[in-house]
Amino acid sequence: MSIPSQHKHPAIHNAMWPGLVGKGPDSEPFIDLETMLDLTAQAEVDGIRFDGVDLFLSLPHISIDSTDDELKQLVDSIAKRNLVVGSVVAPVWPPTGGGSAMGSEQERKAFLTQVKKACGIARKLREFGIRRYGVIRIDSAASPAEWDKDPAGNTKLIAQTFREASIIAEGYGERLAAEGEICWGGMHSWKRMVELLEMVNRPKTLGFQADMAHSLLYTLGYNAEEDRLLPTNFDWSEQDVLMEALGKVTHALRPWTIDFHVAQNDGTVSGSGSHDLTGRHCVVGDPKGRMDIIAVAGLWMRDETGTPTRAYEHVCWDGCMFPNATMMAPKTWKDILGTLIAVRNAHGWN
């Protein structure tokens, strides 16, 4: 079936971190960046290809301490595949050199150091001409269980850290996007996520990164039963009820959303390797997929009047914790690209 491209915007990206997240010694082997770039560049649907990639600034893909020469090599590698760079992920977690945003002074300093280094790389990529849009993704780097020991105090501390991170980002001409996900303390429910964003109160610098696989779980109250929107033992055939619940989430968080991941989810949580339980990312055609991808994307990409928000210049597919066999299959990325084209046709602009 032919899928004509009806809109020029937003650009269509593929995330590189699924080659790393949930992989490694406790799981399947990492997939190197060059392979991820090849899989992305080789996908094509009716002459349309991915426009770019979003990057994970951590080894074994990219060192957060990369030299200019190493970054130039990275730029050349991406550019030769006719791709650009959009958003980048700051490695703010303890295993990657960061620290909890609600931790000790030393841990918070480590968090902010990683944000500063990520901002430096992001600015360099702009200077090298490979990146003209996108944000820097962060989270609290703390678990809901740790957060729950002192909800008010820990949220206040996360907000303070995020405000300090915002000052750093502004110095580099960058913006930060906090990704709401059930595995991050203080960001593990839609209400807590809004509370945190409002407490930081830097809307021009710190916004929200929405991921459809994660935001679906907000409606089920994982790690925050008090904020559940769907009933226990929900009948997934009731799509109107699901869309109403997702509508409440998007109504609350859409005004903050500056980065967007298209994804599918089967309504369950998953973890792989050392990664905590979080939203399960499913392939486009997964028979257990709970969302009408195009319809749910519209809840994020259009405002209350149905007008495209134009709040971001690209959308990205996130396939975290796909099995390596799925990741290495060209059909996976062709199907994903076709879905992203359909999302842009439905909700994009010129």
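The values are calculated or read from the model by the stated rules, or taken from the named source; none is laboratory data. For clarity, every value in this text was computed on a predicted model and none was experimentally measured. Don't worry about glycine lacking a Cβ; one is built from the backbone with ideal geometry, like all the others, and counts go over all protein chains shown. Note: accessible area is taken over every heavy atom of the protein model, side chains too, but ligands, DNA and RNA are not part of it. Shrake-Rupley method; radii C 1.70, N 1.55, O 1.52, S 1.80 Å.
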Exercise for the section: For region 53-133, count the residues as N, evaluate 2.2 N^0.38 Å, and divide the Cα radius of gyration by that value, please. Expected result: 1.14
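At 0.36 nm per residue, minus the direct Cα-Cα distance, what do Gln73 and Gln6 gain on full extension? Give it in nm, one decimal, please.
On the way: separation 67, 0.36 × 67 = 24.12 nm, distance 3.45 nm.
In short, 20.7 nm is gained.
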Completion exercise
Taking r as the C-beta separation of Asp46 and Asn324 and R0 as 41 Å, the FRET efficiency to the nearest 0.05 is 0.90
Problem - Proximal aspartates and glutamates relative to Lys204, as straight alpha-carbon distance under 20 Å, when same-chain residues fewer than 8 apart are discounted - result: Asp139, Glu164, Glu170, Glu174, Glu179, Glu195, Asp259, Asp303, Glu313
Exercise for the section: Kindly provide the pair-distance distribution of region 117-159 built from C-alpha pairs, with 5 Å bins from 0 and whole-percent values in order of increasing distance. Expected result: 5, 19, 20, 11, 10, 12, 11, 9, 4, 0
Handout entry: Residue among Ile158, Gly285, Gln114 farthest towards the positive dipole end of the chain, charges placed on Cβ
Key = Gln114
Completion exercise
Of the listed links Lys124/Lys331; Lys23/Lys109; Lys80/Lys288; Lys116/Lys331; Lys116/Lys156; Lys288/Lys334, those spanning more than 29 angstrom between alpha carbons are Lys124/Lys331; Lys80/Lys288; Lys116/Lys331
Exercise for the section: With r as the distance between the Cβ atoms of Glu28 and Glu313 and R0 = 30 Å, compute the FRET efficiency 1/(1 + (r/R0)^6) and round to 0.05. Expected result: 0.35
Fill in the blank from the handout: For region 207-258, the charge dipole (Cβ of Lys, Arg +1; Cβ of Asp, Glu -1; about the Cα centre) points to a positive end, and the Cα of Thr257, Met243, Leu217 closest to that extreme belongs to Thr257
Completion exercise
Expressed to two decimals, the chain has a Cα Rg over Rh, using the Kirkwood radius, of 0.93
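Order Tyr222, Tyr312, Tyr172 by their accessible area, 1.4 angstrom probe, all chains in place, largest first.
Values: Tyr222 80, Tyr312 10, Tyr172 55 Å².
The most accessible residue leads, giving Tyr222, Tyr172, Tyr312.
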Practice task
Would you kindly find the accessible area of Met36, with a 1.4 Å probe and non-protein molecules such as ligands, DNA and RNA excluded, rounding to the nearest 10 Å²?
Solution key: 0 Å²
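Over region 63-102, what per residue volume does the convex hull of the Cα atoms give, in whole Å³?
Roughly 76 Å³ of hull volume per residue.
In debye, nearest 20, what is the charge dipole magnitude of the chain about its Cα centre with +1 on Lys and Arg Cβ and -1 on Asp and Glu Cβ, if you could check? Present the calculation step by step, with values, prior to reporting the outcome.
Working: 35 positive and 46 negative charges, 190 e Å.
So the magnitude is around 920 debye.
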Completion exercise
Log entry: pair-distance distribution for region 32-98, C-alpha pairs binned every 10 Å from zero, whole % per bin is 19, 50, 24, 7, 0
Completion exercise
In the chain the accessible area split gives carbon plus sulfur, as whole percent at 1.4 Å, a share of 50 percent
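Where only protein heavy atoms count, and the probe is 1.4 Å, what is the accessible area per residue for the chain in Å²? Please list the in-between numbers first.
Working: 14140 Å² over 350 residues.
Result: 40 Å² per residue.
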Practice task
Would you calculate the volume per residue, in Å³, of the smallest convex hull containing every Cα atom of region 198-350?
Solution key: 137 Å³
Fill in the blank from the handout: When all Cα-Cα pair distances of region 1-151 are considered, the percent exceeding 21 Å is 50 percent
